[in-house]
Amino acid sequence: MSKYCSICAKPMEREGDICEACQESIRAEAMGRQRKVAKESKKELEKLGIRRGKDAKPPKGSPISKQGGEEEKKPHHFKSMAEYLEHLKEKGR
Ligand SMILES: [Zn+2]
């Protein structure tokens, strides 16, 4: 009773659906695919990790701190207390 490989249709003596050569090639392909998938998932994880790390750090030179320093005016910057109060009112808006 002779069987034929279901992939390359060559007659084979061993039991099974496919011949040894096709088995080898399929195994190699599966291994390669698995390795590739593992590599890709690792890449994705690394990407996510790097992104998370960046987000966790506070932004350097944020405009808020710069503006705050410029806007903080003391009464002596104004000719009179009235002007200073006026400035405070403007700021409050
Ligand atoms: Zn075959």
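The values are calculated or read from the model by the stated rules, or taken from the named source; none is laboratory data. If you're wondering where the values come from, they're calculated on a predicted model, not measured in any experiment. A quick note on method: Cβ atoms are made from the backbone with ideal geometry, for glycine too, and the neighbour counts reach across all protein chains shown.
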Look at residue 61 and say whether it is at pLDDT below 90 and assigned to a loop (DSSP other than H, G, I, E, B). yes
Looking at the range 15-49, which of the residues that are hydrophobic (A, V, I, L, M, F, W, C) and away from the ligand (no atom under 16 Å from the Cβ) is farthest from residue 4 (Cα to Cα)? 48
Assigned to a loop (DSSP other than H, G, I, E, B), at positive phi and either surrounded by 10 or more Cβ atoms within 10 Å (Cβ to Cβ) or at pLDDT 90 or above (or both) - does that describe any residue in the range 14-34? yes
